[in-house]
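The structure under discussion appears below in the form of structure tokens.
Bear in mind that the values in this text are calculations on the coordinates, not laboratory data. Source: prediction; values computed, not measured. Counting neighbours? That spans all protein chains shown, and the Cβs are built from the backbone with ideal geometry, glycine included.
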Amino acid sequence: MAAGLGVVLNGLSSCASMPVYKAVDEQGALMIPVSSFAAANTLVVRNAKLEYDILLVKKNEQEFHALYMMCTHQDNPLTATSTGLFCASHGSSFDLEGRVTKAPANKPLRTFPAQRINDFIKINIQS
Ligand code: FES
């Protein structure tokens, strides 16, 4: 199995303090090693097929949210923190489940199905 060919990078793009995992697309799915989370509960996942990053949120050992980091107001990139996401363009913010916590955005973030399979989290980016 070719899973785990991605790379954890630090200090990239708008998420300077959050680790970035460069994931390889495996037939429409990204496989993220659980160990990539280290001590944090959030991880930025990057893949060349996606215009924006995904924020992978660890709710517990079995539950994960994969949030597309594109603002639902006017499609601008979001900045992730350990407690939520915000948009520098017009000030919208979202919680770690993708719900709007501050307008002008009024729609939740797009999400991708994410499930744990042994030591990996599989994100389906085809849905
Ligand atoms: S594009 Fe994000 S608040 Fe307007």
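Once each of the trypsin sites (Lys or Arg not before Pro) sitting in a DSSP loop with at most 16 other beta-carbon atoms within 10 Å is removed, the chain keeps 1-48 as its longest stretch. Reported to the nearest whole Å, the Cα centre-to-centre distance from segment 31-82 to segment 101-127 is 8.
For the chain, which semi-axes, largest first and in whole Å, follow from the square roots of 5 times the eigenvalues of its Cα gyration tensor?
Whole-Å semi-axes of the equivalent ellipsoid: 23, 14, 14.
Remark: for residue pairs Lys59/Lys122; Lys22/Lys122; Lys49/Lys102; Lys49/Lys122, the C-alpha separation exceeds 23 Å in Lys49/Lys102.
Mean-square fluctuations from a GNM of the chain, with a 10 angstrom spring cutoff on Cα atoms, peak among Thr83, Thr101, Thr42 at Thr83.
Tally Lys/Arg at +1 and Asp/Glu at -1 over every other residue whose Cβ is under 9 Å from the Cβ of Val20; what's the total?
Net local charge, Val20 excluded: +1.
State whether segment 59-102 is rounded, prolate or oblate according to the following rule on the C-alpha gyration tensor (a ≥ b ≥ c being the square roots of its eigenvalues): a/c under 1.5 gives rounded; otherwise a/b larger than b/c gives prolate, and the remaining case gives oblate. Since a/c reaches 1.5 and a/b is larger than b/c, the shape of segment 59-102 is classed as prolate.
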